[in-house]
Structure formats: structure tokens, C-alpha cells
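The values are calculated or read from the model by the stated rules, or taken from the named source; none is laboratory data. All figures in this text were calculated on a predicted structure; none of them were measured in a lab. So basically every Cβ, Gly included, is an ideal-geometry build from the backbone, and we count neighbours across all protein chains shown.
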Amino acid sequence: MTQRLTQYAHGGGCACKLPPGELERVVSGLARTPRDADLLVGLDTGDDAAVVRIAPDLALVATTDFFTPVVDDPYDWGRIAAANALSDVYAMGGTPVVALNLLGWPRDVLPLELVEEVLRGGLDVTAEAGCHLAGGHSVDDPEPKYGLAVTGTIDPARIMRNSGGTAGVPLSLTKPLGLGVLNNRHKATGEVFPEAVAVMTTLNRDAARAAVAAGVTCATDVTGFGLLGHLHKLARASGVTAVVDAAAVPYVDGARAALRDGFISGGARRNLDWVRTSVDLDAISPDEALLLADAQTSGGLLIAGEIPGAVVIGELVPDTGQTVRVR
């Protein structure tokens, strides 16, 4: 590897998202209007994708996601970015049908041969998902960026919303946390973490299918806002409190060592600052709180329910005045 892609970006992966508090202020005035009756999921609760009904038993799911390099290997970056973009459709309970590439590239700085590897990674993952990849758009950009715009289909009666949670239901997580601190370590040192890459390139397809088959009505994926941020949004939208058992939360090998050695992203700290007034963290250490707020890239599904292979990390209870309580 002659070029380390992560060195050409100010951040990496979903940690590059705008801070959630700032983003909510920006979109707060974009309200739904009466003519949006067929917009089944829009801006209201900050869900993972938009859903538009086009027939009584058929709706479209639309989303887009792109980010700067999270790993140095261009093929792996393409795979991770594609799996991450597809995840928003899976998080709603949908099936991706067609995707378009979104590419920004510093053409005078990085060779175009690397672009081919990035796009090949995206193509391989969309093929695994059974999703067509048909063209896209590119711009000359000071920083490399890659992702997908994805359109899928969904049964309007079986949408998984972040607002669909009810008290008395367990909370399950389908992938381990710790991707953010490991990606940050990789960016700083060049160390490669194959398990983290394997987690980030694993599709959420099978978990989503299992959740829909189990009748789950509430889910989201865990990405740039961290477990605490996404759980805060889910509990707030559902009008419940989420109780998390910190000892039950799984982590990728090496995550705690990366935390100990100081590889915390600014995104994780911003996530924690955003939820601090709404979340009870008294039972855990500040370091544990940072791990729970760690900005993930292509993380797993957070499901209000149980499915095979997912780890139960807590439960939803009646609203106690806080969105999340960690015990």
C-alpha cells in the first residue's frame, strides 16, 4: 500500500457525521405537510430511511450514505461503505433493489487505480445483497468520499420504525461495538483489525429478515451517533425509557485496549455530550460511557425484540423521564 487513504481525510467513517444536536436544529423546521400522506416515514423522528407508499401493499425505501475512508485498503473501504448504506434499508425492514455510486475523489492527489478498487468493493457487496448497482455520480473533491444512494421495497404493514417501541420488550444488538475506537487506532497507527473489517462488511440483511419474520415493529441501526445516541432517538420517538445492561453489551476484540490507549474520536465525545442530559450514566465509569457513545461505522441493528444470534442488552420500560438508563 503506497497511499494510506485515511491520511487524506480529516475524520473517518460515520464519525464524520455532523454532530446530532446541530443536525436536529437544522432540520427541525422542515415539517411534514398535508400533501405528504403517502410519505409513511419522513423527517419526524429522524428514522433510518424515507418510506413512500406507491400502492396499498407496496412502498419504496430511499436512503443515501457516504463518508471519508475508514480504512486504508480501498477495496475494504468500498465494501464497508456499501454495507453501511444498504443497512438503512434493512433497518426499516426493507429489501434493497437498486443503488447508485456516490464518489468524491482528489484526482490530482490520489491515483485513479484506487478508485477502481473502491468501486469494486461496492459492487461486490451490492451483488452479495442481490441489489443492482447502476452507475452514479462523481466529483473532484479535496477529500476522498464514497457511498451509495439506495432504493428498496417494503410492505407498508411491516415497517420497522424507531418510533415503534413498547414497554416490556427486550432490546437486542446484532453486532459488537468498538468499531470507532479501532478505526481511530488504525488511522493513527496503520494497525489492521481484521475482525473489525469483517463486522463492518457483514450485511444486516439476515438480521432484518429475522426481525420482520418475528413481527418486530421497532429497530434502527447503530452508526455514527453510537449506541447511546441511536437508543436515545429510539426511546424518545417511542415514548419509553431504554434500560441497558452495560455488562451485556458485546465489543470487538481490542476495543477496550484502544479506549485505554486514548483512541477516542471527537464524534464519540460529541455523541456523549448530546445525550448526557437525557441519559442516566451514574452506574458506569466515564470510559464505559465513551464506549457506549463510540461512533460506529456499518454497525449492527438495534432491535426492540429478540432474534436468533442477537445479544439481549436490555429492555424497554415505561417512560421514567429519561430516554436511557444504563445499569
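The table for this structure:
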item: Check on Asp88, closer than 13 Å to Asp65 by Cα, modelled with pLDDT of 95 or more and assigned to a helix (DSSP H, G or I); result: yes
item: Condition met for Ala219 (buried (at least 24 other Cβ atoms within 10 Å of the Cβ), assigned to a helix (DSSP H, G or I) and modelled with pLDDT of 95 or more); result: no
item: Selected residue [free of Cβ contacts under 8 Å to residues at least 40 places away in the same chain, small (Gly, Ala, Ser) and either touching a Ser or Thr at 6+ places or on another chain (Cβ under 9 Å) or surrounded by 20 or more Cβ atoms within 10 Å (Cβ to Cβ) (or both)] from Gly147, Gly130, Gly136, Gly121; result: Gly130
item: Residue match in the stretch 177-186 (condition: part of a loop (DSSP other than H, G, I, E, B) and surrounded by fewer than 24 Cβ atoms within 10 Å (Cβ to Cβ)); result: no
item: Filter result for Leu148 (assigned to a strand (DSSP E or B), of a type outside the set (Phe, Trp, Tyr), touching an Asp or Glu at 6+ places or on another chain (Cβ under 9 Å) and outside the structural domain of Val197 (by TED's automatic domain parsing)); result: yes
item: Complete set of residues in the stretch 286-327 that are under 19 Å from the mean Cα position of the chain (by Cα) and of a type in the set (Asp, Glu); result: Asp294
item: Residue satisfying all of: in the stretch 238-265; among the small types (Gly, Ala, Ser) and in contact with a Leu (Cβ under 8 Å, 6 or more places away or on another chain); nearest to Phe193 (Cα to Cα) among these; result: Gly254
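The rows are residues; the columns are (1) under 29 Å from Arg79 (Cβ atoms); (2) in contact with a His (Cβ under 7 Å, 6 or more places away or on another chain); (3) among the aliphatic types (A, V, I, L, M); (4) outside any helix (DSSP H, G or I).
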{"position": "Ala247", "(1), (2), (3), (4)": "no, no, yes, no"}
{"position": "Arg270", "(1), (2), (3), (4)": "yes, no, no, no"}
{"position": "Ala283", "(1), (2), (3), (4)": "no, no, yes, yes"}
{"position": "Ala289", "(1), (2), (3), (4)": "no, no, yes, no"}
{"position": "Leu302", "(1), (2), (3), (4)": "yes, yes, yes, yes"}
{"position": "Gly309", "(1), (2), (3), (4)": "yes, no, no, yes"}
{"position": "Ile313", "(1), (2), (3), (4)": "yes, no, yes, yes"}
{"position": "Val317", "(1), (2), (3), (4)": "no, no, yes, yes"}
